[in-house]
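To keep things clear, I will list the structure first and then write my remarks on it.
The values are calculated or read from the model by the stated rules, or taken from the named source; none is laboratory data. Since the structure is predicted, the reported quantities are computational estimates derived from the model, not experimental observations. Cβ coordinates were reconstructed from backbone atoms using ideal geometry, including for glycine residues, and neighbour counts include every protein chain displayed. Note: areas computed on protein heavy atoms with side chains; ligands, DNA, RNA excluded. Shrake-Rupley method; radii C 1.70, N 1.55, O 1.52, S 1.80 Å.
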Amino acid sequence: MSATSIKKSGPFAHGYNTVQKTMFLVLLALAPATAFNLYLFGWPAILLFAITISACVAIEAGCLALAGKPVKATLADCSAILTGWLLAMSLPPWAPWWVGVLAAVFAVALAKHAFGGIGQNVFNPAMVGRTVMLISFPVSMTIWVAPHPLFSAGSPGLFEAFAITFGGHMPDTMSAASALGYIKTELSRGIAVTQSMGQLPDLMDMALGKRAGSLGETSALLILAGGLFLMFKRIISWHIPVSMMGSLFLIAALFHAIDPARFTSGTFHLLSGATFLGAFFIATDYVTSPVSKLGQIVFGIGVGLLTWSIRNFAGYPEGVAFAVLLMNSLAPIIDQYTRPRAFGRSRKGEPLPLEKKP
Amino acid sequence: MKLFPILGGIHPEYRKELASEKAIVALPMPVALYIPLQQHIGAPAEVLVNEGDLVKKGQMIARSGGAVSSPQHAATSGRIKAVTDVTAPHPSGLPQTTIILEPDGKDEWGDLPEPITDPFTADPHAIHERVAQSGIVGMGGAAFPSAVKLNLGTQKKLEILLLNGAECEPYLTCDDRVMREYPDEIIDGARIMAHALGTARVVIAIEQNKPQAISIMTKAASAFPDVEVVGVPVQYPMGSERHLVQAITGRETPARKLTADLGVVVHNVATARAVHHAVRFGRPLVARVVTVSGGAIREPNNVMTPIGARIADLIEFCGGFSARPESIVNGGPMMGQPLASLDAPVVKGTSGILALTAEEINDRPTSACIRCGNCVTVCPCGLSPLDMAAFIRKDNLDVAAKLGVMDCFSCGSCSWVCPSHIPLVHYFNYAKGVLNDLERESRKNERIKSLAEVRIIRIEKAAEAKRAALAARKPASDAAPPSTGGEAKAATEEKANT
Ligand code: SF4
Ligand code: SF4
């Protein structure tokens, strides 16, 4: 008997879910959309993707070593890879190498480890990385390119890609505007939405992802497939994605109905920018979203409404990242007010009254 | 029957197939039985025998020690070897007063109380009396004296006797086997209990992962229109009293109330069988079926075990260990207690002895909470385990108490589901222990304080009286007002304090 250890408390059984497994499934779910977009934007995107993830992992290792935490064991949780992956997906696809590296510093060192490492951060690391870069380097962070599928005519080869990523030789002719950015610029020039919409790829192409945009955000359909896979695997629940996209769609549709010349449609808002990526993969980040289902719905609605407001009224054409960060800061408070009702008690914590028998 | 959903819950690996098809077999009588005086919730029993006494099977060897207590009986005939301290089947491994009985091999019944021939016309009190005398306690694991629970009918209007055959803990199959092999005894016992409680209906709830038990019990119950067998969804912890009542009636037992306040009393199926034996044959509770299972047991089995057999005897009977057990658990893997020693005896609440391998337990190093919310989703009590654990870690037990840690019944669902393998239940058990101690302490202090206050007031009052008496001798005008005011105040205070 002495050979067996005495554990004080049960249970003496445990589910097979681990942090590592969870992160791995999220990466798996991201893979199709990512692969498609890497294909769409070609070698420069592949280089940037690799650089950003490597930088995140290296910085995570450095921070862990500095903090005296176990490096290998913690790296194995894959969370740094996931941060790097999501960060890369939110960068302009042909951005130079330093954009990826600096963004990684902000994401991992500032947003995650300055707060105490995994589980402690208030803000979504990838979104902090992206947003700080957008504010600091507005030009580099808003150079979009039209899709140039790998091996197609006009797609840069590996050597040209090195020149783009490491030499900063962005071929001028290639740049394009994102749909949200284009509408915003045209509106500021006094051109109505109804008119500028005509210049954009049709909604079907937008859903498939053949549009200009961040490295990994363009294929709504593949991201949706990944998101559904995560729901099926019970890694995420429907609450945040549905409440976020639902509220975004409803408010956009409402204002579009009121003033179609000024406001784009609900469908347009759903399919453009980082809506799908944000709804399924960013707003659902465990650490920075509320834990209760009710809280998640409140959170999702907040992200949706803020996204729409920022897209329409703030200086930036895209609002998902800002909206997520703003709601991240509210998550602890939302959590406090949306704790589930305890069994046998009222919401206030008082024992339920003894109802008369039915 | 319409069922109602319950909150949260998990679907662990049940591994019931290890023992579920093994018919109940009797343990050969060991060389000694160790019968602890406390096998139940409440006061320990009081010894009635001395070293060297010869006893018969079923003879009472320790009597009930209070209103909430239970007597103990000899599980076989033999000689009392000693009354001494022996390791208890408890994680602390602390010793407990125990009667050691040396079987004589004859297994002879002594004089038993007369059977109650027609229990359905008998006075309910006669049945309470018999159940109390027979040492019957809740056999699902809680070991609460059954007679006390059967008495609830005299205080409250009851509607349903809910027989708990859910057996939602993984591995355990003892209730399953008892239901499959002795359905008529269970149903007879249940009907007797229903009569004692004054409930019109008996509902027997069985988790749907026991289809044979459901069909056998349904058949056995078909002769009685007031007895209904219900298959309930497989969802741990369905067997929790309050949750089972909710699943069956849709009603939520308020905090700090009993299910009996809703008109429902819950008893375990094996308890009903024990009641049948006590009432129909006068036989006390001297043996029970124990599931011996787990990956480290060579031949898992369901063993009819005399109360007091050592766990080591039981494991040996089941072929010993086939692998190194990581933990030996008394009860199910979710809510069972780790055993400190194999020398501890089987008691009335022992439903299972599990020898689990490290692989089955699947324990891993703890990592940081990633706020995945899984623990919140699965908690059947609607608590927020991650928050409670965070406050307990900071030793902020007051906040943990406000968040409801005292409502947690340590079902283990949160620990089970946590991807970071945080020992949440361990935190809660710690907090509950400390908070309970604090409350006991503060109640004691309050009592001391109130006693002291009463004393001070009494002294003051005496002084006042003296002064008043003195003043009375003087002209009344200059003394009366202050004294009456003071007296009135002291009087009300004493009233408040008594
Ligand atoms: S299940 Fe574990 S990791 Fe997830 S929120 Fe609860 S305590 Fe944190
Ligand atoms: S152990 Fe307590 S806190 Fe955890 S799930 Fe069960 S009741 Fe909830």
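Summary of computed values
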item: Residue within segment B:430-451 that is open to solvent by 30 Å² or more (accessible area, probe 1.4 Å), touching a residue at least 60 places away in the same chain (Cβ under 8 Å) and within 16 Å of ligand 2 (Cβ to nearest atom) present; result: no
item: Matching residues, segment B:341-358, being touching a Ser or Thr at 6+ places or on another chain (Cβ under 6 Å) and either at pLDDT 95 or above or of a type outside the set (Ser, Thr, Tyr) (or both); result: B:Asp343, B:Ala344, B:Val346, B:Gly352, B:Leu354, B:Leu356
item: Sole exception among (1) within 14 Å of chain B (Cβ to nearest Cβ); (2) open to solvent by less than 50 Å² (accessible area, probe 1.4 Å) for A:Ser265, by number; result: (1)
item: Among the candidates B:Pro325, B:Pro333, residue that is within 14 Å of another protein chain (Cβ to nearest Cβ), within 16 Å of ligand 2 (Cβ to nearest atom) and open to solvent by less than 20 Å² (accessible area, probe 1.4 Å); result: B:Pro333
item: Scan of segment B:194-217 for residues that are within 21 Å of the chain's Cα centre (by Cα) and farther than 28 Å from B:Pro5 by Cβ, ordered by number; result: B:Ala196
item: Number of the condition not met by A:Ile310 [criteria: (1) free of Cβ contacts under 8 Å to residues at least 40 places away in the same chain; (2) more than 9 Å from chain B (Cβ to nearest Cβ); (3) open to solvent by 40 Å² or more (accessible area, probe 1.4 Å)]; result: (3)
item: 2 or more residues more than 14 Å from every other protein chain (Cβ to nearest Cβ), surrounded by fewer than 20 Cβ atoms within 10 Å (Cβ to Cβ) and more than 16 Å from ligand 2 (Cβ to nearest atom): qualifying helices (runs of 4 or more DSSP H) within segment B:210-310; result: B:211-221, B:269-281
item: Residue count, segment B:345-393 (criterion: assigned to a loop (DSSP other than H, G, I, E, B), touching a Phe, Trp or Tyr at 6+ places or on another chain (Cβ under 7 Å) and more than 16 Å from ligand 1 (Cβ to nearest atom)); result: 0
item: B:Leu342 vs. criteria at the interface with chain A (Cβ under 8 Å from one of its Cβ atoms) and more than 15 Å from ligand 1 (Cβ to nearest atom); result: yes
item: Looking only at segment B:191-208, and only at residues there that are modelled with pLDDT of 95 or more and closer than 22 Å to B:Pro233 by Cβ, the one that is most open to solvent (accessible area, probe 1.4 Å); result: B:Gln208
item: Inter-residue pairs, beta-carbon under 6 Å, first at the interface with chain A (Cβ under 7 Å from one of its Cβ atoms) and in segment B:360-381, second surrounded by fewer than 24 Cβ atoms within 10 Å (Cβ to Cβ) and acidic (Asp, Glu), 6+ apart; result: B:Ile361/B:Glu326; B:Cys381/B:Asp407
item: Residue, nearest to ligand 1 (Cβ to nearest atom), within segment B:394-416, restricted to residues that are of a type in the set (A, V, I, L, M, F, W, C) and away from chain A (no Cβ under 11 Å); result: B:Ala400
item: Selection count where residues are outside any helix (DSSP H, G or I) and either under 24 Å from the mean Cα position of the chain (by Cα) or hydrophobic (A, V, I, L, M, F, W, C) (or both), scope segment B:311-344; result: 21
item: Verdict on B:Pro419 being assigned to a loop (DSSP other than H, G, I, E, B) and near ligand 1 (Cβ under 8 Å from one of its atoms); result: yes
item: Any hit, segment B:404-422, residues being among the hydroxyl-bearing types (Ser, Thr, Tyr), open to solvent by 30 Å² or more (accessible area, probe 1.4 Å) and under 30 Å from A:Ala342 (Cα atoms); result: no
item: Unmet requirement for B:Tyr427, which otherwise passes all of (1) within 8 Å of chain A (Cβ to nearest Cβ); (2) near ligand 2 (Cβ under 10 Å from one of its atoms); (3) part of a helix (DSSP H, G or I); result: (1)
item: Residue selected from segment B:336-375 under the condition hydroxyl-bearing (Ser, Thr, Tyr) and within 28 Å of B:Leu94 (Cα to Cα), by the criterion farthest from ligand 2 (Cβ to nearest atom); result: B:Ser341
item: Segment B:130-150, residues that are under 13 Å from B:Leu197 (Cα atoms), open to solvent by 10 Å² or more (accessible area, probe 1.4 Å) and of a type outside the set (A, V, I, L, M); result: B:Lys149
item: Filter result (open to solvent by 30 Å² or more (accessible area, probe 1.4 Å) and touching a strand residue (DSSP E or B) at 6+ places or on another chain (Cβ under 7 Å)) within segment A:88-143; result: A:Ile143
item: Residue within segment B:393-400 that is over 21 Å from B:Glu252 (Cβ atoms), among the small types (Gly, Ala, Ser) and open to solvent by 20 Å² or more (accessible area, probe 1.4 Å) present; result: no
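Residues are listed down the side, and each one gets a yes or a no for (1) modelled with pLDDT of 90 or more; (2) touching a Pro at 6+ places or on another chain (Cβ under 6 Å); (3) within 14 Å of chain B (Cβ to nearest Cβ); (4) closer than 25 Å to A:Glu318 by Cα:
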position	(1), (2), (3), (4)
A:Pro32	yes, no, no, yes
A:Ala35	yes, no, no, yes
A:Leu38	yes, no, no, yes
A:Ala50	yes, no, no, yes
A:Leu66	yes, no, no, no
A:Ala73	no, no, yes, no
A:Pro93	no, no, no, yes
